[in-house]
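S.K.: The structure that follows is given in the form of structure tokens.
The values are calculated or read from the model by the stated rules, or taken from the named source; none is laboratory data. Computed from a prediction, not measured in an experiment: that's the story for all the values here. So basically every Cβ, Gly included, is an ideal-geometry build from the backbone, and we count neighbours across all protein chains shown. Ligands, DNA and RNA are excluded from the accessible area calculation, which covers all protein heavy atoms including side chains. Shrake-Rupley method; radii C 1.70, N 1.55, O 1.52, S 1.80 Å.
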Amino acid sequence: MARNLEPLDDLAAAYPERLVRLPLDVTDRAAVQETVKQAVEAFGRLDIVVNNAGAMLYGMVEEATEEQIRAHFDVNFFGAVWVLQAVVPYLRAQGSGRILQITTMGTGGGPVPAVGFYGAAKSALDALSQPLAAELEPFGIKVTVVQMGGYSTGLFTQGMTATSPLPHYEPLREQLAALWPEDAEP
């Protein structure tokens, strides 16, 4: 399941019998339920669920609009919750499975200017994952939080929305830009 299936073309060609590509927008709760159902029908079960949806809202907290903030949380937090609610009944019924919650190293490692809402949404997912793990453990379901470090994923390009910059943050933006190599994501 992916928002964009095109990057999976080579894998689909190499493994036509083993890879089923299903389009999914995690912000559409009904679509998540239906797509998970299709995945279970295709394979008979779920073993590992990677909850990896992500979008970046780049900008200072003061600059973000309500619409941007809500859209950001719809993908990074609520989308993950919709996936959890869709897969858990199948995992519980089969008595096993693993859920990998992909968050970020920025959830507890100190302040990261200009990506505060990304850290906030992923922190919420981190916080939810702890009680989730305790709730699911009696059913043989493991929950693992993966706090990824920085590497190029397209999050700062294809998955990014930016705020309208306010001029008084320009010195901070310049400091942040100096931390990134020219060929890296911001």
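S.K.: Between Val50 and residues 5 or more places away or on another chain, which pairs have amide H atoms under 5 Å apart, with H built 1.01 Å from N, and which residues are they?
M.R.: Leu100
S.K.: For the stretch 1-73, evaluate the Debye formula with one uniform point scatterer on each Cα (no solvent term) and list log10 I(q)/I(0) at q = 0.19, 0.23 Å⁻¹, rounded to two decimals.
M.R.: Listed by q, the Debye log ratios stand at -0.89, -1.12.
S.K.: Once the piece of chain linking Gln147 and Arg29 is laid out straight, how much longer is it, given 0.36 nm per residue of separation minus the C-alpha distance between them? Don't skip to the end; give the middle numbers.
M.R.: Working: separation 118, 0.36 × 118 = 42.48 nm, distance 2.47 nm.
Gain on extension, Gln147 to Arg29, equals 40.0 nm.
S.K.: Find how much the distance from Val20 to Gln38 grows on full extension, using 0.36 nm per residue of separation minus their present alpha carbon separation; answer in nm with one decimal.
M.R.: Working: separation 18, 0.36 × 18 = 6.48 nm, distance 0.96 nm.
Roughly 5.5 nm would be gained on extension.
S.K.: I've got another one for you. What number, in percent, do you get for the relative contact order of the stretch 1-131 if the mean sequence gap of Cα pairs under 8 Å and at least 6 apart is divided by its residue count?
M.R.: On the way: 156 pairs, mean separation 35.2, N = 131.
27 percent.
S.K.: Sequence-distant or interchain residues sharing an amide H contact under 5 Å with Lys142, placed H: which?
M.R.: Result for Lys142 returns Gly97, Arg98, Ile99.
S.K.: Over the chain, average the accessible area per residue using a 1.4 Å probe and give it in Å², no decimals.
M.R.: On the way: 10950 Å² over 186 residues.
Spelled out: the 1.4 Å probe surface of the chain, per residue, equals 59 Å².
S.K.: Okay, next question. Could you tell me what a quarter of the Cα convex hull surface of the chain works out to, in nm² with one decimal place?
M.R.: On the way: hull surface 47.0 nm².
Dividing the Cα hull surface by four gives the mean projection, 11.7 nm².
S.K.: Let me ask something additional. Calculate what fraction, in whole %, of the accessible area of the chain sits on carbon and sulfur atoms when a 1.4 Å probe is rolled over the protein chains.
M.R.: On the way: 6120 of 10950 Å².
That share works out to 56 percent.
S.K.: Amide H neighbours of Met160 under 5 Å, at least 5 residues apart or on other chains, H built in the peptide plane: list them.
M.R.: It is Met56, by chain and number.
S.K.: Using only Cα atoms and rounding to the nearest 10 degrees, what angle (0 to 90) does helix 79-94 make with the longest principal axis of the chain?
M.R.: It works out to around 20 degrees.
S.K.: Restricting attention to the stretch 1-91, which trypsin sites (Lys or Arg not before Pro) occupy a DSSP loop and are surrounded by at most 10 other Cβ atoms within 10 Å? Walk me through the intermediate numbers first.
M.R.: Values: sites: Arg3, Arg18, Arg21, Arg29, Lys37, Arg45, Arg70; in loops: Arg3, Arg18, Arg21, Arg45.
Listed in order of number, the matching sites are Arg18.
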